[in-house]
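Written below as structure tokens is the structure these notes are about.
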Amino acid sequence: MLPLADFIVKNMQVVRTKKEMESIVKSILLKNKTIGFVPTMGYLHSGHLSLLKSAQKNNDISVCSIFVNPTQFNNSEDFKLYPRNETQDFELLETNGCDIVFAPDVDLVNDIDEIKLELQGVDNLMEGKFRPGHFKGVVNIVALLFKIVQPTAAYFGEKDFQQLAIVKMLAKAHFPSIQIVPCSTLRETSGLAMSSRNARLSEEEKQKALAISKALFYIKEEVKNTNTTLELKQKAIDLFFKNGEVELEYLEISDVDSLLPIDKIEQRAVVCIAAFCGKVRLIDNIIINY
Ligand code: AMP
């Protein structure tokens, strides 16, 4: 075990291995301190930092992980091109008062123990349907990180709405002591949801990508005039995706809890979109409070 002074330092501590992280966690828990955990894939932006802020506010120690998990990419090109900048990420985390960054080597995947989890079909919809194997990769890596970091609470963005639903199911079944805290989506002033993948968009593509958030805002507004999801979807597609500048992969309107598609909006719903802007695949969603 590391002496306490080794991790309670003014500056952020950078941890590279599972063994070292486990030893630090042990010391923190022996002191009865709470851990707020923010798992990320890096290339951090203000959305990630808002999660860190919540973790800091409600816990003694904040831990942020940076790990681009190869097992959740169904497309090797996408994995290769995923933006990375560790130096910039560490600087951002340190200036924002993060206590510990866990940034292990890709070899961490060798420590994955496949976890059995009944996902009630949620993993076959939307992201699960278009990115086969994605959620299996997510569940396995989040479970491993939870085992290593042993957080009191873990912070996840509503930006990845389906991932959040699946992580809640994972925690309920295997990590009931961990509180899963949903955090709202941060957007650019243009409306574009912040995403690490936006770094791969040209300025022109960023403008075109606004079709996604505009369609979501439109549907949320248009519910007043029609609550039939088929009609809402068709209107949004005609208005925002007909010109082909952004290639829609799916637009679903679903029950906010089960994530199953609904015909009419008569309950709290979530509108989810995945679309390609050039070669970059973006996702976004909006909640409709009925
Ligand atoms: P990622 O690095 O993309 O895997 O995201 C790490 C965490 O940050 C996930 O819980 C995401 O849902 C969350 N996140 C990503 N983008 C945003 C955003 N624009 N606003 C709030 N949270 C976000």
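We did not get these values from a lab; they are worked out from the coordinates using the rules stated. Note that the structure is predicted; figures quoted are calculated from it, not measured. Note that each Cβ is placed from the backbone with ideal geometry, even for glycine, and that neighbours are counted across all protein chains shown.
With a Förster radius of 25 Å applied to the beta-carbon distance between THR17 and LEU81, the computed FRET efficiency rounds to 0.40. Listed by Cβ neighbour count within 10 Å, with the fewest neighbours leading, CYS183, CYS64 appear as CYS183, CYS64. The mean of 1/r over all distinct Cα pairs in the chain, once inverted, gives the Kirkwood hydrodynamic radius of 20.0 Å. Rounded to the nearest 500, the 222 nm mean residue ellipticity of the chain from helices alone is -11500 deg cm²/dmol, with -39,500 (n - 2.57) taken per DSSP H run of at least 4 residues. The long axis of helix 229-240 is offset from the longest Cα principal axis of the chain by roughly 90 degrees. Relative to the current alpha-carbon distance between ASN243 and LYS206, full extension at 0.36 nm per residue lengthens the span by 11.7 nm. Between helix 161-174 and the chain there is an angle of about 40 degrees, using the helix long axis and the longest principal axis of the Cα atoms.
Report the longest stretch of the chain that contains none of the trypsin sites (Lys or Arg not before Pro) sitting in a DSSP loop with at most 15 other Cβ atoms within 10 Å.
On the way: sites that count: LYS10, ARG16, LYS31, LYS33, ARG84, LYS116, LYS224, LYS242, ARG268, LYS279.
For trypsin sites (Lys or Arg not before Pro) (loop position, at most 15 other Cβ atoms within 10 Å), the longest site-free span of the chain is 117-223.
So what does the Cα-only Debye profile of the stretch 159-249 read at q = 0.21, 0.25 Å⁻¹, as log10 I(q)/I(0), no solvent term? The calculated log intensity ratios at q = 0.21, 0.25 Å⁻¹ are -1.07, -1.22.
If you take the beta carbon distance between GLN120 and GLU266 as r and set R0 to 22 Å, what does 1/(1 + (r/R0)^6) give as a FRET efficiency, to the nearest 0.05?
Values: r = 21 Å, r/R0 = 0.97.
With R0 = 22 Å, the Cβ-Cβ based efficiency is 0.55.
A full extension of the chain between GLU221 and LYS33 corresponds to an added length of 63.2 nm, given 0.36 nm per residue minus the alpha carbon distance. Of all DSSP bridge pairs formed entirely within the chain, close to 50 percent run antiparallel. Residue separation of VAL106 and ALA199 scaled by 0.36 nm, minus their Cα-Cα distance, works out to 31.3 nm of gained length. Residues of the stretch 166-208 with backbone nitrogen within less than 15 Å of a virtual label 7 Å along the Cα-to-Cβ line of HIS45, please, listed as ranges. Correct set: 184-208.
Summarising the label geometry, the points placed 7 Å from Cα in the beta-carbon direction at ASN58 and GLU188 lie 3.0 nm from one another.
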